[in-house]
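Beneath this line is the structure, given in structure tokens, with notes to follow.
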Amino acid sequence: MFWRGFSLRPRSLQCGVPCVDEMGRLGRHADMPDRAQEFPDMTPFQPVSLAVEGLALSRGGLRLVGGLGFALKPGEALLLTGANGTGKTTLMRTLAGLVRPDEGRISCEEPVEEAVAWLGHSDGLKPGESLRMALRFWADIHGASRKTILPLMRKLDIEPLIDRPAGQLSRGQQRRAGLVRMALANRPVWLLDEPAGPLDGAGRERLADLVAWHRSRGGIVLAATHQTLDWPDAGHLALKAAA
């Protein structure tokens, strides 16, 4: 495991060249608790910090990212943007522990397998299985109460679909179910790769509510996105093609 425990002072986010906002923008917004109301009570997790220092990433021998550094504290969010091929997904997979970096360090107070919930392009659903069965499975895997499933589905506006097979749902509905699955993991760090891609306007509002709820609990959210996401006080990190 390449994660190591150490601490970094909050500073400007960097990607080799000045391309991001100051760390001071990353914080809890005063309106965030209002958006986080009526979510289910879940077992509190231990909030953590996440820090990256001097990270270099490659894919197929091509350098994508070099000298990357940022730090996130409990309750903060970071939106990762950039053109295709600039390393957004590779960075997310690296933070999830799926890819080793060429150089640099990633730190967190907890092991990655205990701290991170990852939502990639797959929503983790079987086409012939109902949402009820699928989400019960994931709740049991993560030790979450099954009583939290319906309140989470209600907040994502998919409760009426609970007995519908995943294969009969639209991509946006599947993504909402995937977000419920991720929330059931009850991990402090959420890594979201293009979470809003299949969502309509209402779905993006539900996503924003879910993110606000997670941050109000002391969680961290890092999302790679091509869409404009209105998340209060979220930082922005723009990756650029390597020279």
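Nothing in this text is a laboratory measurement; each read-out follows from the coordinates by a stated rule. Values in this document were obtained by computation on a predicted structure and should not be read as measured data. All Cβ positions, glycine included, derive from the backbone under ideal geometry; neighbour counts span all protein chains shown.
Answer with yes or no whether residue 160 is without any contact (Cβ under 8 Å) to a residue 24 or more places away in the chain and part of a helix (DSSP H, G or I). Judged against the criteria, residue 160 is a match. Going by the conditions given, is residue 50 touching a Cys at 6+ places or on another chain (Cβ under 8 Å) and either under 21 Å from residue 220 (Cα atoms) or crowded, with 19+ Cβ neighbours inside 10 Å (or both)? Answer is yes for this residue. Looking only at the range 64-77, filter to residues that are surrounded by fewer than 23 Cβ atoms within 10 Å (Cβ to Cβ) and among the aliphatic types (A, V, I, L, M); which one of those is nearest to residue 214 (Cα to Cα)? The extreme case among them is 71. Exactly one residue out of 136, 181 is basic (Lys, Arg), within 17 Å of the chain's Cα centre (by Cα) and over 19 Å from residue 229 (Cβ atoms): that is 181.
In this structure, residue 176 does not satisfy being of a type in the set (Lys, Arg), crowded, with 21+ Cβ neighbours inside 10 Å and within 20 Å of residue 116 (Cβ to Cβ).
Filtering the range 185-212 to residues that are assigned to a helix (DSSP H, G or I), of a type outside the set (Val, Ile, Thr) and within 13 Å of the chain's Cα centre (by Cα) leaves 207, 208, 210, 212. Does the range 137-149 include one or more residues that are touching a Pro at 6+ places or on another chain (Cβ under 8 Å), in a helix (DSSP H, G or I) and of a type outside the set (S, T, N, Q)? Within the range 137-149 (the criterion being touching a Pro at 6+ places or on another chain (Cβ under 8 Å), in a helix (DSSP H, G or I) and of a type outside the set (S, T, N, Q)), the answer is yes, since at least one residue qualifies. Filtering the range 163-183 to residues that are outside any helix (DSSP H, G or I), in contact with a strand residue (DSSP E or B) (Cβ under 8 Å, 6 or more places away or on another chain) and either more than 13 Å from residue 127 (Cβ to Cβ) or of a type in the set (A, V, I, L, M) (or both) leaves only 163. Annotation note: Cβ proximity below 6 Å between a residue of the range 179-200 that is in contact (Cβ under 8 Å) with a residue 12 or more places away in the chain and a residue that is surrounded by 20 or more Cβ atoms within 10 Å (Cβ to Cβ) and basic (Lys, Arg) (sequence gap 6+ or interchain) occurs for 198/175; 199/175.
Regarding the range 194-215, can at least one residue be identified that is in contact with a Ser or Thr (Cβ under 8 Å, 6 or more places away or on another chain) and farther than 26 Å from residue 84 by Cα? The answer is no; no qualifying residue exists.
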